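The next block holds one structure in the form of structure tokens; read it before the comments.
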Amino acid sequence: MLKKVHSYLLAKSYDFAMRNTEKRCLQQWRSNLLSQARGNVLEIGAGTGVNLQHYPGHIAQLTLSEPDPQMRRILQKKNLTTPTIPVHITSWEIETTGMPDSSFDTIVSTLVLCSVPDLSRSLSEIYRLLRPQGTLLFLEHVASDHPQTLHWQRRVEPFWSLCAGNCRLTRDTAVAIQTSGLEIERCIEAPMAGTPSFVRRTIRGSARKA
């Protein structure tokens with residue numbers, strides 16, 4: 001019961017809580033990143049659908065996976081206002097999609113890899129699902145490169161994770177992407193405006209499957 005209440009509150013408050021940061025930086029970052037999407041596209045952890053408005057009209061199909069039922073309910077409502085792209089909404093968790101190898105040309109992850117239960121396993125599944133020369137487009141907040149901030153991230157992380165949907169503050173996501181076998185082609189680092197220092201450092205870019 002407590003988990004359902006937490007899920008409901010997080011889903012209802014997410015767009016409101018992020019509105020300032022979206023205006024100050026995330027909207028532009030999302031637009032620039034998702035303009036690179038092509039072919040058959042999978043977005044993992046699609047949440048409340050904040051990326052929907054940024055997908056280019058030329059992609060073949062868009063699959064949105066969101067395991068949280070409260071988030072997915074909001075996502076389905078937003079999708080009704082985005083009729084130009086063929087969209088399929090699923091409840092998949094990225095570790096267990098059940099899809100065949102090489103199913104997608106592009107996989108999108110925006111502020112998601114911080115919260116998956118097993119980062120290595122999730123990236124292995126992303127690698128498996130991508131077609132040869134397929135691309136992972138990512139936008140993630142990561143562990144700070146300043147020792148004092150990293151120290152506070154480690155202290156705050158258990159409480160933050162509990163309140164913020166399993167979000168982990170200390171993941172080195174760029175290294176994890178490379179370890180999975182994907183080759184990072186472009187990676188931009190920038191502070192996420194309007195957020196506490198312990199979630200401010202972000203990376204965004206693309207990684208390709210050979």
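The values are calculated or read from the model by the stated rules, or taken from the named source; none is laboratory data. Everything numeric here is computed off the predicted structure, so don't read it as measured data. We place every Cβ from the backbone using ideal geometry, glycine too, and count neighbours over all the protein chains shown. The area values use the complete protein model at the heavy-atom level, side chains included, leaving out ligands, DNA and RNA. Shrake-Rupley method; radii C 1.70, N 1.55, O 1.52, S 1.80 Å.
Distance between the modelled labels on Ser161 and Ala17, one decimal in nanometres: 1.7 nm (7 Å Cα→Cβ projection).
Here the chain is treated as a Stokes sphere of Kirkwood radius computed over C-alpha pairs; at 4 °C and 1.567 mPa s its diffusion coefficient rounds to 75 µm²/s.
Computed over protein heavy atoms with a 1.4 Å probe, the carbon and sulfur contribution to the accessible area of the range 51-210 reaches 52%. For the chain, the number of Lys pairs with C-alpha atoms closer than 16 Å, counting only pairs eight or more positions apart or on separate chains, is 4.
Neighbours of Gly47, meaning other residues whose beta-carbon lies under 11 angstrom from its beta-carbon, give a summed charge of -2 when Lys and Arg score +1 and Asp and Glu score -1. Remark on the range 125-207: hydrodynamic radius 13.8 angstrom, per the Kirkwood mean of 1/r across alpha carbon pairs. When the chain is treated as a GNM, springs tying every alpha-carbon pair under 10 Å, which of Ala143, Ala17, Ala176 comes out with the largest mean-square fluctuation? For the chain, modelled as a Gaussian network with Cα springs under 10 Å, the answer is Ala17.
Rolling a 1.4 Å probe over the protein chains gives Tyr127 an accessible area of about 80 Å².
The distance separating the Cα centre of the range 17-91 from that of the range 157-180 comes to 21 Å.
Specify the residue with the greatest mean-square fluctuation among Leu123, Leu75, Leu162, computed from a Gaussian network of the chain linking alpha-carbon atoms under 10 Å apart. Residue with maximal mean-square fluctuation among Leu123, Leu75, Leu162: Leu162. With all protein chains kept in place, the per residue accessible area of the range 12-72 amounts to 44 square angstrom at a probe of 1.4 angstrom. When the Gaussian network model of the chain links Cα atoms closer than 10 Å, the mean-square fluctuations of Leu26, Leu42, Leu113 top out at Leu26.
Each peptide in 130-136, 99-105 receives the mean, over its residues, of other Cβ atoms within 10 Å, and ordering these scores from highest gives 130-136, 99-105.
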